[in-house]
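Trainee: Take this structure, written in C-alpha cells, and hold onto it; I'll ask about it next.
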Amino acid sequence: MLFQTLDKLKRQSILAAILLMALGIVILICPESYINALIVASGYLMIIFAIVRILDFIAGKKALIHYVLFTGALIVAILGFFILIYSEDILKSLGLLFGFVLTQDGLFILLNALIFARRSNRRGWWVLIILSIVLIALGALIFFNPWWETPGLLVKIIGGALVFSALANVLILIWIWPFKNEEEGDENAEK
C-alpha cells in the first residue's frame, strides 16, 4: 500500500514538475508585448481542456469522482470564458490564481516531506521543509503583491516562482523514495 501511494506521488510530482517548468519558462521568455496574447491563449486552453473532460464524462463511467471532475471541468470552462471576455483586467486574477497554486504546492511538498521524506531514512530531508516554506512565502507574496500596475514584472515573478516550484517537485522525488536498510534486512532474516 505504501509503495502504491509512493508510485502515485512519484507520477504526480513528475507531471507537476514538467508542467510547472514548461509554464514557467514560457512565462519567463514571453515579451511584455505578448502578455495579453498569452492570457487569451490560456483562456482558450482552459476551454479546450474543459471540453475534453466533459466529453470524457459523457463517454465514460459515472462514478462519484467522474461527477466531481465534470463539475471541475465546468468551472474551468466558465473561468476560460471569463478570461476571454475580461482579458484586460485578468492579470490581477492570474496573480491571485498563481499565488494560490504556489501556496498549495508548498503545502503539498511540506506534507509529503513530513509524511514520506522523513521516513525514507535519507539525509537532508529537512531541505524540503525549507523549500516548501519558501514556496508558501512566494505564493503569499504573489497573492498580496504590490506589482499590480506593472504586468511585466508580475509575469516574470510568477514565471520564476513556477520554475522554482518545478525544481522543488523534482527534489521531492530524490528524498521521498525509501531505500532498503541492509541492517534491518539481516535482522529480519535471522529471526
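Trainee: Compute the Rg to Rh ratio over region 54-131 from the alpha carbon atoms, using the Kirkwood formula for Rh, and round to two decimal places.
Mentor: A ratio of 1.17.
Trainee: If each residue of separation counts as 0.36 nm, what is the full-extension length gain between Ile129 and Tyr86 once their alpha-carbon separation is subtracted?
Mentor: 11.7 nm
Trainee: What length, rounded to one decimal in nm, is gained on full extension from Ile18 through to Val52, with 0.36 nm per residue of separation minus their alpha-carbon distance?
Mentor: 10.2 nm
Trainee: For region 7-101, what is the largest minus smallest coordinate of the Cα atoms on each principal axis, given in angstrom and ordered from greatest to least?
Mentor: Rounded to whole Å, the extents work out to 45, 34, 20 Å.
Trainee: Roll a 1.4 Å probe over the protein chains and send me the accessible area per residue for region 25-182 in Å².
Mentor: Here the residues of region 25-182 average 59 Å² of exposed surface.
Trainee: Write out the chymotrypsin sites (Phe, Trp or Tyr not before Pro) in region 54-121 meeting two conditions: DSSP loop, and at most 12 other Cβ atoms within 10 Å of their Cβ.
Mentor: Filter output for region 54-121: Tyr86.
Trainee: Okay, moving on. May I ask you to derive the relative contact order of region 58-178, considering only C-alpha pairs under 8 Å and at least 6 residues apart, and to give it as an integer percent?
Mentor: 32
Trainee: Given 5 Å bins starting at zero, what is the percent of C-alpha pairs of region 24-182 in each, up to the one with the largest pair distance?
Mentor: 2, 9, 14, 14, 15, 15, 14, 10, 5, 2, 1, 0, 0
The values are calculated or read from the model by the stated rules, or taken from the named source; none is laboratory data. Note that the structure is predicted; figures quoted are calculated from it, not measured. Reconstructed Cβ throughout: ideal geometry from the backbone, glycine too, with neighbour counts over all protein chains shown. In case anyone asks, the SASA skips ligands and DNA or RNA and just uses the protein heavy atoms, side chains included. Shrake-Rupley method; radii C 1.70, N 1.55, O 1.52, S 1.80 Å.
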